[in-house]
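Sharing a structure here in structure tokens format.
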Amino acid sequence: MPDATATARFVRVSPQKARLVVDLIRGAKAEDALHLLRFTRKRIAADVLKLLQSAIANATDRGELDVDSLYVTYACVNDGPRQKRIRPAPMGRAYRYQRRSSHIVIHVGPKAKKGK
């Protein structure tokens, strides 16, 4: 059975901050991951929660997977494009900084069996 997938692209948060939240739910049961995300005190947790709910809905719409047996089988955060910005600095100079974005991918499916 293939996993159900949900993807959020161009999310305006740095990948490092998003990975802190996504690492919490990787490999967890889908129901436990939902509870964990509801009480995580990070701004990105709401976006990851919405993405996980979308992945679960994708699994149930196809009718192949049982909701109670779903696990987060794959979750990753990749770098998105960076927006280059300039900030005024002393003596007429300019400091450059980058506003980072992320691509977040979550797969839910039945738990992988050990061995084969």
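Going highest first, how would you order 75-82, 45-52, 101-108 by mean Cβ packing within 10 Å? Could you put the intermediate results ahead of the total?
Details: 75-82: 16.4, 45-52: 19.1, 101-108: 21.9.
Final packing ranking: 101-108, 45-52, 75-82.
Short version: ³J(HN,Hα) in whole Hz for each residue of segment 78-94, in order, from phi by Karplus 6.51 cos²θ - 1.76 cosθ + 1.60 (θ = phi - 60°), x for Gly and Pro, what are they?
Going residue by residue, I get 10, 5, x, x, 9, 9, 7, 10, 10, 10, x, 10, x, 6, x, 8, 9 Hz, with x marking Gly and Pro.
If each residue of separation counts as 0.36 nm, what is the full-extension length gain between R43 and D68 once their alpha-carbon separation is subtracted?
Values: separation 25, 0.36 × 25 = 9.00 nm, distance 2.74 nm.
Length difference between fully extended and current span is 6.3 nm.
Now, a different point. For segment 4-109: lysine pairs with Cα atoms under 22 Å, gap of 8 or more or different chains, count? Intermediate results must be reported in sequence, preceding the final value.
Details: K17/K42; K17/K50; K17/K84; K29/K42; K29/K50; K42/K50.
Pairs that pass both the separation and distance tests number 6.
Taking the Cα-to-Cβ direction at T60 and at A89 and moving 7 Å from each Cα, how far apart do the two end points lie in nm?
5.3 nm
Quote to one decimal, in nm, the extra length available between R82 and R96 on full extension: 0.36 nm per residue of separation minus the C-alpha distance between them. List each step's numbers first, then the result.
Details: separation 14, 0.36 × 14 = 5.04 nm, distance 1.21 nm.
Extending this stretch completely gives an extra 3.8 nm.
Given the -39500 (n - 2.57) contribution per DSSP H run of 4+ residues, what per-residue ellipticity at 222 nm results for the chain, rounded to the nearest 500 deg cm²/dmol? Could you put the intermediate results ahead of the total?
Details: 3 runs with 38 residues, N = 116.
Only helices count here, giving -10500 deg cm²/dmol.
Computed from the coordinates by the stated procedures, all read-outs in this text should not be read as laboratory data. Fair warning: this is a prediction, and the values are worked out from it, not measured in the lab. Using ideal geometry, Cβ is built from the backbone for each residue, glycine included, and neighbour counts are taken over all protein chains shown.
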